[in-house]
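Enquirer: Got a structure for you, questions after.
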Amino acid sequence: MTDTLVALPTPVRDVFDTVQSRNPHEPEFQQAVHEVLESIAPVLEAHPEFVDGGILERIVEPERQIMFRVPWVDDTGRLQVNRGYRVQFSSVLGPYKGGLRFHPSVNLSIIKFLGFEQIFKNALTGQGIGGAKGGSDFDPHGRSDAEIMRFCQSFMSELYRHLGEHTDVPAGDIGVGAREIGYLFGQYRKITNRHESGMFTGKGVQWGGAEVRTEATGYGAVFFVQEMLAVRGSSLEGSRVSVSGSGNVATYAIKKAWQLGATPVTASDSSGYVVDDEGIDVDLLRQIKEVERGRISEYAARRPGARYIEGARPWQVPVDVAIPSATQNELDADDARALIAGGVRAVAEGANMPCTPAAVEAFQAAEVLFAPGKAANAGGVATSALEMSQNASRQRWSFDDSEARLRSIMKDVHDAAFDAAARYGRPGDYVVGANSAGFERVAHAMLAQGVI
Ligand code: GLU
């Protein structure tokens, strides 16, 4: 694990000990569980029935974990074998729901941490969706369209039997965008002989996808920042914003920051970051990353005034607001201290768990507004639930209508986290607030549904 963890209070210590001994080589999963257990102590004090009902022992163990072989043939005729995963964590509030990640770093620990977080994030949206995550250690970078298609078809040839609109509904995540979702959905349709729109979200808008789903995670994170700043009587207008990443979440966080009067000045990929004091040109960024599938260094090469810094992350750049939107543990305590020294006022996690525990602690100690991913990036999965609603009722909502719904969901997520933090004696602590509000909903439903 990246940081030393603080001691847990009873009664959660025993539960965490079991998690550690049962999942010994899974540091990210342990980190995600620890963060939740650490912050829900006041909920457990107020609700002894959650402890007596064995909620904790059950919630840390996935309902089902699927691992499978994904064989495919590359363009040179060579056989390749990857590993596929789907961890179905909790279906107590609705069908399993969560994205698929294709990235060489994927392993069981990563998928379990993401699936565990997804339970509480999805509960927080109030949309009736359970928690799951899946993916593969397949690396889509540098692969041809034909290779991507063959991989997706092989992946779905196994996973299809575990999916369904009332069972488990995947979506995208890192490395899984419109192209991959098309191939995955196509193969499911062929194998099952069903055009079951609601079995996948993030589909193309021409064939059952929802308006705003592509933009939703990034837009939602910026809406969340807006809500946090409003509580302190301030706004995004005129502020400088740093964003890491250059995928879907980062691109649309940058776009919405512009629309709300801020200047987004950074973007990054795994090789380095660019800083553009005039503000990031979203069209150029999209051209390089989405169309050409190139590197972020290209941005600086084509944009006068922009600089490329290799092998570093954008946290040394002084800003008012930071939105880490790349990947887990990309912002550590040193980065947090640099942002604080630069005058940062608010940090919102666009990615899942991008800040290490020590970074979160540093932000909170410095009274920087801090929004955990479970709350700040919940707009993506919430809009997936809107896509499922439209598929079920065969309706299509307009872009403006869908964005207004997202806006209002993000306000509700903010208020649920804010109110829970105040109720449990930690006003302004969005980590305690988001975890407590999400956990309460899941725990009540688990108690009501018996020992399952
Ligand atoms: N992968 C996204 C997340 O981390 C979206 C999941 C979904 O839409 O199902 O929440």
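Enquirer: How many of the residues in the range 18-38 are over 19 Å from Ile110 (Cβ atoms) and at pLDDT 95 or above? Give the steps one after another, and end with the answer.
Expert: Within the range 18-38, the subset over 19 Å from Ile110 (Cβ atoms) is 18, 21, 37-38.
Right, trim to at pLDDT 95 or above and you get 18, 21, 37.
Number satisfying all stated conditions: 3.
Enquirer: Any residue at all in the range 212-222 that's without any contact (Cβ under 8 Å) to a residue 60 or more places away in the chain, surrounded by 24 or more Cβ atoms within 10 Å (Cβ to Cβ), away from the ligand (no atom under 15 Å from the Cβ) and part of a helix (DSSP H, G or I)?
Expert: No, the range 212-222 has no match at all.
Enquirer: Which pairs do you get when a residue that is closer than 15 Å to Asn377 by Cα, found in the range 117-132, comes within reach of a residue that is among the polar types (S, T, N, Q) and near the ligand (Cβ under 10 Å from one of its atoms), reach meaning Cβ atoms under 8 angstrom, with the pair 6+ apart or on two chains?
Expert: Partner pairs satisfying both residue conditions: Glu117/Asn352; Lys121/Asn377; Gly131/Gln118; Gly131/Asn122.
Enquirer: Hey, which of the helices (runs of 4 or more DSSP H) in the range 344-452, taking only ones fully inside, have at least 1 residues that are more than 30 Å from Met199 (Cβ to Cβ) and more than 14 Å from the ligand (Cβ to nearest atom)? Step through it out loud before you land on a result.
Expert: Working: elements: 357-365, 373-376, 378-393, 399-423, 430-448.
Correct list: 357-365, 399-423, 430-448.
Enquirer: Among (1) under 30 Å from Ser408 (Cα atoms); (2) without any contact (Cβ under 8 Å) to a residue 60 or more places away in the chain, which single condition is Pro62 missing?
Expert: With respect to (1) under 30 Å from Ser408 (Cα atoms); (2) without any contact (Cβ under 8 Å) to a residue 60 or more places away in the chain, Pro62 is out only on (1).
Enquirer: Within the range 300-327, can you find the residues that are touching a residue at least 40 places away in the same chain (Cβ under 8 Å) and either among the small types (Gly, Ala, Ser) or crowded, with 24+ Cβ neighbours inside 10 Å (or both)?
Expert: Gly311, Ala312, Pro314, Trp315, Val319, Val321, Ala322, Ile323, Pro324, Ser325, Ala326 - these are the residues of the range 300-327 that are touching a residue at least 40 places away in the same chain (Cβ under 8 Å) and either among the small types (Gly, Ala, Ser) or crowded, with 24+ Cβ neighbours inside 10 Å (or both).
Enquirer: Of all residues in the range 188-211, which are buried (at least 19 other Cβ atoms within 10 Å of the Cβ) and either more than 16 Å from the ligand (Cβ to nearest atom) or free of Cβ contacts under 8 Å to residues at least 60 places away in the same chain (or both)?
Expert: Across the range 188-211, the qualifying residues are Tyr188, Met199, Phe200.
Enquirer: Looking at the range 98-127 only, could you name the residues that are farther than 17 Å from Pro354 by Cβ and surrounded by fewer than 24 Cβ atoms within 10 Å (Cβ to Cβ)?
Expert: Those that are farther than 17 Å from Pro354 by Cβ and surrounded by fewer than 24 Cβ atoms within 10 Å (Cβ to Cβ): Pro104, Asn107, Leu108, Gly126, Gln127.
Enquirer: Of all residues in the range 160-187, how many are within 11 Å of the ligand (Cβ to nearest atom) and of a type in the set (A, V, I, L, M, F, W, C)?
Expert: 5
Enquirer: Test each condition in (1) more than 22 Å from the chain's Cα centre (by Cα); (2) modelled with pLDDT of 95 or more; (3) over 23 Å from Leu406 (Cα atoms) for Val291 and report the one that comes out false.
Expert: Of the numbered conditions (1) more than 22 Å from the chain's Cα centre (by Cα); (2) modelled with pLDDT of 95 or more; (3) over 23 Å from Leu406 (Cα atoms), the odd one out for Val291 is (2).
Enquirer: Pull up the range 10-42, narrow it to residues that are of a type in the set (S, T, N, Q) and part of a helix (DSSP H, G or I), then point me to the one that is nearest to the chain's Cα centre (by Cα).
Expert: Within the range 10-42, the match that is nearest to the chain's Cα centre (by Cα) is Gln31.
The values are calculated or read from the model by the stated rules, or taken from the named source; none is laboratory data. This structure is a prediction, so every number in the text was calculated from the model and none was measured. Backbone-built Cβ (ideal geometry, glycine too); neighbour counts: all protein chains shown.
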